[in-house]
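Below: one structure, written as structure tokens.
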């Protein structure tokens with residue numbers, strides 16, 4: 001068994017791979033942005049994912065959970081409501097949803113509102129896309145944050161985590177709306193998009209796509225995976241029912257001649273959301289301005305090659321970005337008349353207004 005000290009030291013060494021920052025890119029309440037960087041796109045050869053948890057209602061405390069070993073036959077509780085605990089041990093609003101067999105050994109991990117990284121250097125970010133409400137089974141076993149926890153406790157790579165999530169939700173069900181989980185390990189970055197398969201059904205529908213090693217990716221509260229090639233196992237994974245549910249529910253007609261596109265089948269409103277698309281554009285435009293992407297476009301590339309190698313400091317700067325210098329700067333109209341006919345930017349003008357502003 002890893003000692004507590006050793007497990008926590010391992011986590012502290014790897015923590016630079018994930019950034020948990022307060023996102024200030026304008027968006028709706030409960031808006032999260034995640035940025036991914038492949039190892040050949042980063043200045044130091046690391047793989048990065050990130051997550052801004054902008055809900056205003058999620059818990060802000062965190063703890064370092066050490067690796068543990070368990071006896072055969074031990075069960076593991078899965079809960080809802082953990083995101084809203086006001087302090088460690090707060091059980092108000094926490095509910096046991098299901099019990100699953102415990103692993104013989106679990107990894108140490110950083111337990112944040114959405115658990116974010118383990119001592120095997122597997123990290124995960126999150127961004128909600130909602131999707132089709134008629135597919136949500138609120139009484140199913142697993143919500144998003146508990147999928148993050150179990151994946152970090154039991155997996156060492158992105159691929160292992162994605163396969164495990166697929167297996168767990170197939171057996172015990174998925175209770176949340178559509179979610180994007182962005183995984184990073186020392187070699188790869190992947191984006192997983194998952195949603196329920198029906199109000200009274202146990203299971204999930206999901207697709208995952210790898211970020212090329214020399215690319216960067218982004219998710220900003222909208223599904224982004226379009227066409228999927230399941231013959232290309234190096235770059236794609238999906239649930240067995242990914243096409244069947246779309247056909248059954250009338251989201252896609254294979255006889256129409258139109259290709260299957262995951263985002264349009266399961267989150268059509270996401271591609272219409274300017275709040276999501278504008279953030280996608282801004283991240284790509286800051287990292288790859290040579291592409292001259294249209295800020296009003298609807299479907300950006302899934303990932304892009306940055307003009308220069310990306311540093312952690314650049315990612316932090318992007319999360320602080322407020323569209324300054326663009327026509328979308330939220331303070332550009334905040335002027336006051338200081339004397340007749342003369343206007344100056346208000347000293348109170350700032351892009352960090354409360355949501356009711």
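We did not get these values from a lab; they are worked out from the coordinates using the rules stated. Model, not experiment: these values are computed from the prediction. Here the Cβ is made from the backbone with ideal geometry for all residues, glycine too, and neighbour counts use every protein chain on show.
A compact table of results
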item	result
Rounded tilt (10° steps) of 4-14 against the dominant C-alpha axis of the chain	40 degrees
Column: log10 I(q)/I(0), Debye, Cα scatterers of the stretch 4-321, q = 0.14 Å⁻¹	-1.08
Among 345, 332, 298, residue whose mean-square fluctuation peaks in a GNM of the chain (springs only between Cα atoms under 10 Å)	345
Cα centroid separation - the stretch 309-345 against the stretch 154-198, whole Å	37 Å
Label point distance in nm, residue 201-residue 75, each placed 7 Å from Cα along Cα→Cβ	2.8 nm
Point-to-point label distance, residue 164-residue 258, nm (Cα→Cβ direction, 7 Å offset)	3.7 nm
Mean Cβ count within 10 Å, highest first, over the residues of peptides 98-109, 175-186, 54-65	175-186, 98-109, 54-65
Fraction of antiparallel bridges per DSSP, the stretch 104-254 only, in percent to nearest 5	95 percent
Estimated FRET transfer efficiency (residue 292, residue 90; beta-carbon r; R0 30 Å; 0.05)	0.05
Crossing angle, helix 274-287 versus the chain [Cα axis fit, 0-90 degrees, rounded to tens]	80 degrees
Model label zone, residue 272; criterion: amide N under 19 Å from point 7 Å along Cα-to-beta-carbon; scope the stretch 214-234	220-226
Helix 158-172 vs. the chain, principal-axis angle (Cα, 0 to 90°, nearest 10)	60 degrees
Percentage relative contact order, the chain, counting C-alpha pairs under 8 Å, at least six apart	17 percent
Length gained when the stretch residue 64-residue 332 is fully extended (0.36 nm per residue, less Cα-Cα span)	92.2 nm
